[in-house]
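Worksheet: the structure to be examined is printed underneath.
The values are calculated or read from the model by the stated rules, or taken from the named source; none is laboratory data. What you see is a predicted model, and the numbers here were worked out from it, not measured in a lab. No Cβ is skipped: glycine too gets one built from the backbone with ideal geometry, and neighbour counts run over all protein chains shown. Quick note on the areas: whole protein, heavy atoms, side chains included, nothing else; ligands and nucleic acids left out. Shrake-Rupley method; radii C 1.70, N 1.55, O 1.52, S 1.80 Å.
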Amino acid sequence: MLKSKTQEEIELLRINGELVSKTLAEVGRSVAPGVTTKRLNEVAETFIRDHGAVPNFLGYDGFPFSICTSVNDVVVHGFPSDYVLKDGDIVSVDLGTIYKGYNGDSAYTFPVGEVSAETRRLLDVTKASLYKGIGAAVAGNRIGDIGHAVQSYAESFGFGVVRDLEGHGIGRDMHEAPGVPNYGKAGHGSRLIEGMTICIEPMITAGGRGVYLAKNGWAVHTSDHRYAAHYELTVVVRHGKAEQLSTFDYIEKDPSINI
Ligand code: MG
Ligand code: MG
């Protein structure tokens, strides 16, 4: 039996969702050819702590950085490093916060400079698939409806839907029940109830859906080394229409950010 959050809990999750959204925009202002992914980590770390919160990724299961920076064929969980971003790259920035005991968690994939038309389409379709998933996250539907919405949309463009990782509930823990897969059958799985808080995060590839874990035990790469994109938002399940607790507006309404 899945549980809904109280309105007080939702308000604390909203504060985290807002901070995560603003932090992603702050990082986005720094994404450019010539910048290291380690620098993006510093920008996020500073911004989160300046707002009185803590980066919840740092130390999570031993993760050694404050954000994940996943470049090109890295799907998720890339380590920030001395890698210098170059024109045509894409970088998924995934980050979270903890504030007053509750969590935030969202991700955005930024193009670096000019990207190819195929990469552009991968970014656009992946983000649109997230909104398809959010559209299915309404009370009375089932978990499988979300995955089905994401999968059927992304696959209609010939893209791969990664199955090894999934979205999740969020609250006092960053990862709570239920798991929210990006594939599934409509009408199957646990029923969604009003007030549940979940993170939906499609991980979509330009090629096959196969992935492997890097030797560092964290970075997940596409097996065929085609590019992968990843977008994530936190929502509250409601009747009729899900309510977003995080947003890409701070990124997409800032003309200085390359999207
Ligand atoms: Mg997540
Ligand atoms: Mg995340």
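Per-structure values
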item: Between the range 9-52 and the range 80-150, the alpha-carbon center distance in angstrom; result: 15 Å
item: Within the range 69-157, GluC sites (Glu not before Pro) in DSSP loop having at most 12 other beta-carbon neighbours inside 10 Å; result: Glu114
item: For the range 7-252: relative contact order, % (alpha-carbon pairs under 8 angstrom, 6 or more apart); result: 23 percent
item: Out-of-range pairs (alpha-carbon distance over 22 Å; input Lys22/Lys127; Lys38/Lys127; Lys185/Lys241; Lys38/Lys132; Lys86/Lys253; Lys5/Lys100); result: Lys38/Lys127; Lys38/Lys132; Lys86/Lys253
item: Cβ charges +1 (Lys, Arg) and -1 (Asp, Glu), total dipole of the chain, debye; result: 460 debye
item: Contour excess over end-to-end distance, with Cα ends at Ser156 and Lys241 and 0.36 nm allotted per residue; result: 28.2 nm
item: Residue-normalised accessible area of the range 145-234, expressed per residue, 1.4 Å probe, Å²; result: 40 Å²
item: Vicinal HN-Hα couplings computed from phi for the range 72-77 (Karplus, 6.51 cos²θ - 1.76 cosθ + 1.60; Hz; Gly/Pro x); result: 6, 7, 7, 7, 8, 6
item: Shape of the chain, Cα gyration tensor, a/c cut at 1.5; result: oblate
item: Label-point separation in nm, Asn216 to Arg121, each point 7 Å along Cα→Cβ; result: 3.1 nm
item: Accessible solvent surface per residue of the range 15-113, calculated while the other protein chains remain in place, 1.4 angstrom probe, Å²; result: 33 Å²
item: Listed residues Val235, Phe47, Gly217: farthest to the positive end of the dipole of the chain (Cβ charges); result: Val235
item: Theoretical gain in end-to-end length, His225 to Lys86 [0.36 nm per residue, Cα-Cα removed]; result: 48.3 nm
item: Percent accessible area from carbon and sulfur atoms, the range 7-252, protein chains only, probe 1.4 Å; result: 51 percent
item: Heavy atoms of Arg172 accessible to a 1.4 Å probe, total area in Å² rounded to 10; result: 150 Å²
